[in-house]
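Colleague: My structure is below; once you've seen it, I'll send some questions.
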Amino acid sequence: MLTYAADRLWEEAAYVAYYLHWSLDQVLALEHPVRARMIEEIGKINRQLSEED
């Protein structure tokens, strides 16, 4: 059974990989603070694009 931390890691990896077209290995190579910042910035971009529509 996966723990919450493992589930969250998969969510983060999928999010970054989807938007940046990176491999799982590339995403997992990021340290957590860097990955978290990438997620934050991708979210900002998505919100800005949604507001423009």
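The values are calculated or read from the model by the stated rules, or taken from the named source; none is laboratory data. Note that the structure is a prediction, hence the values are computed from the model and not measured. Cβ sites come from the backbone with ideal geometry, for glycine too, and all protein chains shown count toward neighbours.
Colleague: Quick one: which of 17, 5 is in a helix (DSSP H, G or I), within 8 Å of the chain's Cα centre (by Cα) and either among the small types (Gly, Ala, Ser) or at pLDDT below 95 (or both)?
Modeller: Within the list 17, 5, the selection yields 17.
Colleague: Any residue at all in the stretch 30-53 that's without any contact (Cβ under 8 Å) to a residue 24 or more places away in the chain, among the basic types (Lys, Arg) and loosely packed, with under 11 Cβ neighbours inside 10 Å?
Modeller: yes
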